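To start, the structure under review is shown below, and the notes come after it.
The values are calculated or read from the model by the stated rules, or taken from the named source; none is laboratory data. Note that the structure is a prediction, hence the values are computed from the model and not measured. Cβ: placed from backbone, ideal geometry, glycine included. Neighbour counts: every protein chain shown. These area figures cover heavy atoms from the full protein model, side chains too; ligands, DNA and RNA do not enter into them. Shrake-Rupley method; radii C 1.70, N 1.55, O 1.52, S 1.80 Å.
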Amino acid sequence: MKVKQESILMKGTRSVERAREDFPILSTEMNGRPLVFLDSAASSQKPISVIQAINYYYREQNANVHRGVYALSQKATDLFEMGRRRVRDFINAPSEKEIIFVRGATEAINLVAQSYGGHFFREGQEIILSQLEHHSNIVPWQLIAEKKGMQIRVIPVNKKGELQIEILEEWLSENTAIVAVNHISNALGTINPVREIIAKARNFDVPVLIDGAQAMAHGPVDVQELGADFYVFSGHKMFGPTGVGVLWGREELLEKMPPWQGGGEMIHTVSFEKTTYNELPFKFEAGTPNIAGVIGLSEAIAYLGEFNFEEIAVYEKGLLDYCVKKLTQIPGMQLVGTAKSKASVVSFLVDGLHPYDVGIILDKMGIAVRTGHHCTQPLMEYLGIPGTIRASMAFYNNREDVDRLVEGVAKAQMMLS
Amino acid sequence: MKSINQIQEEIVDDFSLFDDWMQKYEYIIDLGKKLPLIEEDFKTDEYLIKGCQSKVWLKAYPEGDRVYFKADSDAVITKGIIALLISVLSGQKSEDIANADLYFIEKIGLMEHLSPTRSNGLNSMIRQMRYYGVGIQTKEKEV
């Protein structure tokens, strides 16, 4: 049943134009030049409110959660659980029980592969991934596939970086164990047709996991509307702290899954004869959680709620178009990934230049980009390139950042050719 | 033949003439472009030192108690730094190579390129060059 909730996201009235001022690091220097940060797909920067919330927590609110009878512990627990409610609201999940705090998207995928896969997967079944996946959404599946004796199939991609999902009609069957794809490609920025993928999988009752690590910084996700079975993401890519992330799963599935890690918090009673497990979500949260991390993530969500996501989407699209337009004026520019539907990520190569060399020159000019294979070696191999230079933008970037990048690439080209 | 430290001092002197990063990197890029390439035959996995970002190929030629090196990289800045390392270590006595204190790298402000997170293969290359030094030393003792 779909539970309708007021999204906390679309109400914001603040303009993105001034968002940059909320991020203290963006007024620092790198190598003596004002920092141009274009690596948000690797990790986004943090607004002052998130930094202050974490600082304040450690100064005045720190205590372990779910345990102490004293007021301080109760306060910490309230803040922690408020974080869970905010995440629920942010992704419109039907229940807080479905919000499992983990270290990040990587851990969430490992949890599903080991717990769900360990319990439900059978020898000879198939796991369907895509050519665009990050290593984090490949290796956990390889581990379980090897253990169980399963096959992995890979949805192909075209030269533009778009998934060729028609093949699913052929591949999906009762023998498919799971489909796991990313929402937005970290290497190319392609926004994948996850709704269509989920719809196709539905026809065969095949569960779908969506790796939303790259999506959360760009727009709201409604997991009920999406219809996936699992949706995972990391806090640090959506303006929150590192070391915290979320596994959302349908309650029905999470209930059936055995615990993954054992320890404190996840138990109901422990005896050497028989241990019984705690209920959701605690069943999957062994050990003291990352309390400050959750509080920071909670604050990041509150921060995002100040804006209007439609405005952010328009703003980022404008930046992307501007960046593509300016970069393609450079002779020898080769854009990698030109999908029709893209997030504000531009991957590129310049004829005759090694991405690493360009990255070094840009670094000297105060410009932070990512170079290399972006943890997507199978994709790079398919495209026949060693890697790319990737500029990934968030709503705190502006046209001046793009201008500096273009100037930097032109200078790198002059120095290196 | 100049000693390892004499060559290092010369490099440090050369670099002290540069006013800014651009001049320094233009010089390194120039060195990279001039570096004698390894013959294509040696650009194989056998001689490959894998960095996450740039590839480095290294071949050692022992002659008596000395070791000569040829190297290449697919990235030109990496190649330029390799050229510096080769000018310091190639043709030196194996024992000196194994024990060399390569202080020039820090003095000319290129230490960042040896950070393990750069993953450009340079760290592994230096380890490999020292290993050739030690390897040959050991071999001689065995004979």
C-alpha long axis of helix A:399-416 to longest principal axis of chain A, angle in °: 60 degrees
Relative contact order [Cα under 8 Å, 6+ residues apart], chain B, whole percent: 27 percent
Computed magnitude of the charge dipole of region B:4-142 (debye, nearest 20; Cβ of K, R +1, Cβ of D, E -1): 420 debye
Accessible surface of residue A:375 - all protein chains present, 1.4 Å probe, nearest 10 Å²: 40 Å²
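Roughly what % of Cα-Cα distances in region A:51-304 sit above 26 Å, to the whole percent? Mind showing how you got there, number by number?
Details: 12878 of 32131 pairs.
Every Cα pair in region A:51-304 considered, those over 26 Å come to 40 percent.
Using the per-residue mean of other Cβ atoms lying within 10 Å as a proxy for protection, in what order, highest first, do the peptides A:223-230, A:298-305 fall?
Values: A:223-230: 19.6, A:298-305: 23.4.
Peptide ranking by packing, descending: A:298-305, A:223-230.
Which number do you get for Rg(Cα) / (2.2 N^0.38 Å) in region A:275-411? Walk me through the numbers on the way to the answer.
Numbers: Rg = 19.6 Å, N = 137, 2.2 N^0.38 = 14.3 Å.
Expressed relative to 2.2 N^0.38 Å, the Cα Rg reads 1.37.
Okay, helix-only estimate at 222 nm for the protein assembly as shown: each DSSP H run of n ≥ 4 adds -39500 (n - 2.57), divide by all residues, round to 500 deg cm²/dmol; what do you get? If you can, show how the numbers build up before the last one.
Numbers: 19 runs with 211 residues, N = 560.
After summing the helix terms and dividing by the residues of the protein assembly as shown, the value is -11500 deg cm²/dmol.
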With Cα atoms, 0 to 90° folded angle of helix B:122-142 axis to chain B main axis: 20 degrees
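Looking only at other chains, what is the average number of their beta-carbon atoms within 10 angstrom of each beta-carbon in B:75-83?
Details: counts 11, 9, 9, 4, 2, 1, 0, 0, 0.
Other-chain Cβ atoms within 10 Å of each residue's Cβ, averaged: 4.
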For residue A:370, residues with placed amide H under 5 Å, excluding near neighbours: A:390, A:392
Cα-centre dipole for region A:286-417 with unit charges at Cβ (Lys and Arg positive, Asp and Glu negative), debye to 20: 300 debye
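Going by the alpha-carbon gyration tensor, a ≥ b ≥ c the square roots of its eigenvalues, is region A:139-236 rounded (a/c under 1.5) or, if a/c is not under 1.5, prolate (a/b greater than b/c) versus oblate? Write down the numbers at each step before the final one.
Working: a/c = 1.39, a/b = 1.35, b/c = 1.03.
Rounded, since a/c falls under 1.5.
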Between helix B:76-89 and chain B: long-axis angle, C-alpha atoms, 0 to 90°, nearest 10: 50 degrees
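Please go through the residue pairs B:43/B:93; A:364/B:55; A:160/A:326; A:97/A:317 and name each one whose alpha carbons sit more than 30 Å apart in this structure.
A:97/A:317
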Per-selection Kirkwood Rh - region A:230-346 (Cα, Å, 1 d.p.): 18.1 Å
Descending Cα extents along the principal axes, region B:4-142, whole Å: 50, 32, 27
Residue among A:222, A:351, A:205 with the largest mean-square fluctuation in a Gaussian network model of chain A, springs linking Cα atoms under 10 Å: A:351
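Mind checking region A:35-81 for trypsin sites (Lys or Arg not before Pro) that DSSP puts in a loop (not H, G, I, E or B) and that have at most 14 other Cβ atoms within 10 Å? Mind dumping the intermediate values first?
On the way: sites: A:59, A:67, A:75; in loops: A:67.
Counting only loop positions with at most 14 other Cβ atoms within 10 Å, the trypsin sites (Lys or Arg not before Pro) in region A:35-81 are A:67.
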Accessible area per residue, Å², chain A with all protein chains present, probe 1.4 Å: 40 Å²
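May I ask you to give the percent of accessible area on region A:51-304 that is carbon plus sulfur, with a probe radius of 1.4 Å? Each step should come with its number before you reach the end.
Values: 4960 of 10060 Å².
Looking at region A:51-304 in its full context, I get 49 percent from C and S.
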Nearest-20 debye value, the protein assembly as shown charge dipole, Cβ charges on Lys, Arg, Asp, Glu: 460 debye
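Checking an interface number: how much accessible area is buried between B and A, summed over both chains, with a 1.4 Å probe, in Å² rounded to 100? Can you show the working numbers first?
On the way: alone 8170 and 17680 Å², together 24300 Å².
That pair hides around 1500 Å² of surface in total.
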Of B:123, B:91, B:4, farthest towards positive along the dipole that unit charges on Lys, Arg, Asp, Glu beta carbons give region B:4-142: B:123
Euclidean distance between Cα centres, region A:8-84 to region A:225-273, Å: 22 Å
Under 22 Å from the Cα of residue A:274 - lysines, other chains or at least 8 residues apart: A:256, A:283
Dipole-positive endmost among A:36, A:286, B:68 within the protein assembly as shown (Cβ charges, Cα centre): A:286
Other-chain or far-sequence residues with amide H under 5 Å of residue B:57's (modelled H): B:49, B:72, B:73
Proximal aspartates and glutamates to residue A:148, defined as alpha-carbon separation beneath 14 angstrom and excluding residues fewer than eight positions away on the same chain: A:123, A:126
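Which of the GluC sites (Glu not before Pro) found in region A:90-135 are in a DSSP loop and have at most 16 neighbouring Cβ atoms, other than their own, within 10 Å?
On the way: sites: A:96, A:98, A:107, A:123, A:126, A:133; in loops: A:123, A:133.
Answer by residue number: A:123.
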Percentage of interatomic Cα-Cα distances in the protein assembly as shown larger than 40 Å: 36 percent
At most 10 other Cβ within 10 Å, DSSP loop - chymotrypsin sites (Phe, Trp or Tyr not before Pro), region A:254-293: A:272
